[in-house]
Each structure stands twice: as C-alpha cells, then as structure tokens.
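The values are calculated or read from the model by the stated rules, or taken from the named source; none is laboratory data. Note that the coordinates shown come from a computational prediction; the quantities given were computed from them, not determined experimentally. Methodologically, a virtual Cβ is constructed for each residue, glycine included, from the backbone with ideal geometry; neighbour enumeration extends over all protein chains shown.
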C-alpha cells in the first residue's frame, strides 16, 4: 500500500505488520561492554617488555616453569604493563616457537616505583612493579657521585614503600667517606662498598634472597657490571665513562627481571636503564621530609604547617643549623631538603 492509497487520517489503522525494520547490513551482533571473565587465565610474571611484546614467566617455581611471549588485550591498551607485574594470560601459554599468548588483566600490585621527567611534570613513568627492595648504585669516582640524585632515589623508594640499599662502586679510585657522610643519619639504609675487581657479591647476594630488588643508578657507575657478576647469565651490556663530559654511556636500554640463584636461596634482580635525572613530580611532598629521617626528628619542633624553606619563620631546622647543632653535614642535608621542597612550593 502506497501513501497515495491512504485516505483520511481518521480512517488509518496500523498493526505490527505495517512496521518495517531495516536489517543489519553487517549481520553481526550489537556491541556490548561486557567482557569475558577469563576464568581459565593463568598467572605469569612479566620479565621484560620489547616493542609491544611481553616475556612472561609461566608456572613460576613450579614443575613446568617456562617463558612465553605475550601481547596485551585491547581493553588494556591504556594501562601500563611493566616488568614485575603479575599478569593474567590466556590462549597458548606453551611458549613454543611461533606462539603468542594474551595478557587480559593485571593482579593488584604490592608496590609501584615511579618517576617523572622532571619535578614539574605530573605525568609519571612507571619503572617497575612489585619490587620490595631498591639497590642504588653510585660510583666513588668516574663519574663523580651525586648525593642529591641519591636523595631522589631514596624519596622515590620511600614513596613506593620499598626498602633502600646503597652500594658505592670504584672505591679503589677514590675514598667514599666524604660522600657517605651525607647519609649518616638515614635510618635503615644498608651500605656496601665495592672496588672494580673485588666486589662484595656474597654480602649483596645475601640481601637479594627472597626479595625482588630493583637496581637503579646513574649511567657509567658499574650497575650492569655488578648485575653480570651476580647473575652470570644476564649478559647485560657494559660501557665506559666519557673522558670529556664525565658522563656514562647508556648501555642497558630496557628494564628486565633476572633470577638470582645460590645454594642459600633465590631472588629477583631487576636491572633498569641508567638515568641522569629522577623527577619527583608525582611524589607526595609529605614523603620528602620523611626520607631525611635525621632531619625529620628535629622538624618535630617546627610550628604546624612549617615549609622548612629558607624564609620559613621559627623553623627548627633552620635554627639548628644556624646554631651549629647539626654540623656541616646537617647544613648540607638541609640544603638538599630545601632544594627538593622548593620545587613543590
């Protein structure tokens, strides 16, 4: 029936047969936001990331422990997946050549080490997940040690709830005592010293057992050399320091988890690329003072809301330095603290 055949509107009568529904031209089901539960997913440890592919350890510590190559599911495209993550994977997890499994979820993280490009950048870069220790590697010379960079590492570790360790390498080139004096008042900071030939591998290795330890440090300080000594199969590239600039050359280009194995036990060594800066734009400013444990005790006498900056009235820290109660080391520590706090002012 055409519209020309229609009479007066009052005479029209319609029923369900008169309604025409346009067919689905693609003949597919409508989209839904519901995602499969993936009840068959297995848990794997992300060991490394390379150009959008993830090396995942399946059946960790089990009889069928092996690695598999994985990609991420589409619904995770905006979520960072980093070394140390515990991932839920589905598909072919055999690890056979040519197979590719899929990451469909990330388990809750126990810790998250982050850094920003600089102190003004609120965008965080996730370094590693689920580490419980940080080993800061710094050289006594070649390149010269940077106490303020180490301060930043310690603040980032505290902010992430990670226990810090410190090793000073190349002590046969220079006496590390003046540098280490900067950290004498820091609580719970374990310190190791190492020459270029004789390394305290047994002492450091003992602290790695049962832990996931992320190694961080400036380029050229010997971090990869130490990793290779602790994990002989690591084969991490090592470099040298430029004689003109005094800067180390980047050798480790990616973050990777390596298993540390001894007769006493096992642990995880997480090697990271060397960095020359470590922005704290993502850190809660309250955690900065907490990293200076020796100064935090004195700061308890400060008035409420004290900024501890040079112009802060009645600041107990400033008064203690002015009166000489903290000595030269305390004055240097306060200067480092104020420089960091000023970036958040």
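Of the residues 83, 93, which single one is in contact with a strand residue (DSSP E or B) (Cβ under 9 Å, 6 or more places away or on another chain), within 28 Å of residue 158 (Cα to Cα) and crowded, with 16+ Cβ neighbours inside 10 Å? Walk me through it before giving the result.
Numbers: 93 fails: within 28 Å of residue 158 (Cα to Cα).
Among 83, 93, only 83 is in contact with a strand residue (DSSP E or B) (Cβ under 9 Å, 6 or more places away or on another chain), within 28 Å of residue 158 (Cα to Cα) and crowded, with 16+ Cβ neighbours inside 10 Å.
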Legend entry - Condition met for residue 206 (more than 26 Å from residue 285 (Cα to Cα) and either assigned to a helix (DSSP H, G or I) or touching a helix residue (DSSP H, G or I) at 6+ places or on another chain (Cβ under 8 Å) (or both)): yes
Legend entry - Unmet requirement for residue 127, which otherwise passes all of (1) assigned to a strand (DSSP E or B); (2) within 30 Å of residue 288 (Cα to Cα); (3) not assigned by TED's automatic domain parsing to the domain that holds residue 228: (3)
Inset, instruction - Identify, by number, the condition in (1) within 20 Å of residue 341 (Cα to Cα); (2) surrounded by fewer than 18 Cβ atoms within 10 Å (Cβ to Cβ); (3) in contact with a helix residue (DSSP H, G or I) (Cβ under 8 Å, 6 or more places away or on another chain) that residue 150 doesn't meet. - result: (2)
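Residue by residue, here is whether (1) in contact with a helix residue (DSSP H, G or I) (Cβ under 7 Å, 6 or more places away or on another chain); (2) outside the structural domain of residue 217 (by TED's automatic domain parsing); (3) on the phi > 0 side of the Ramachandran plot; (4) modelled with pLDDT of 90 or more holds:
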residue: 158; (1), (2), (3), (4): yes, no, no, no
residue: 165; (1), (2), (3), (4): yes, no, no, yes
residue: 185; (1), (2), (3), (4): yes, no, no, no
residue: 191; (1), (2), (3), (4): yes, no, no, yes
residue: 197; (1), (2), (3), (4): no, no, no, no
residue: 201; (1), (2), (3), (4): yes, no, no, yes
Inset, instruction - Give segment 74-104 a look and list any residue that's part of a loop (DSSP other than H, G, I, E, B), within 26 Å of the chain's Cα centre (by Cα) and free of Cβ contacts under 8 Å to residues at least 12 places away in the same chain, or say none. - result: 77, 78
Legend entry - Test for residue 192: is it buried (at least 23 other Cβ atoms within 10 Å of the Cβ), within 24 Å of the chain's Cα centre (by Cα) and assigned to a strand (DSSP E or B): no
Legend entry - Selection count, segment 59-73, where residues are closer than 19 Å to residue 257 by Cβ, under 23 Å from the mean Cα position of the chain (by Cα) and either in the same structural domain as residue 126 (by TED's automatic domain parsing) or in a loop (DSSP other than H, G, I, E, B) (or both): 1
Legend entry - Output for segment 154-189, where each listed residue is surrounded by fewer than 19 Cβ atoms within 10 Å (Cβ to Cβ) and part of a strand (DSSP E or B): 163
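Please determine whether any residue of segment 169-181 is in the same structural domain as residue 257 (by TED's automatic domain parsing) and without any contact (Cβ under 8 Å) to a residue 12 or more places away in the chain.
The first filter runs over segment 169-181 and keeps only residues in the same structural domain as residue 257 (by TED's automatic domain parsing), leaving 169-181.
If we keep only those that are without any contact (Cβ under 8 Å) to a residue 12 or more places away in the chain as well, we get 177-178.
Yes, there is a match, as at least one residue in segment 169-181 is in the same structural domain as residue 257 (by TED's automatic domain parsing) and without any contact (Cβ under 8 Å) to a residue 12 or more places away in the chain.
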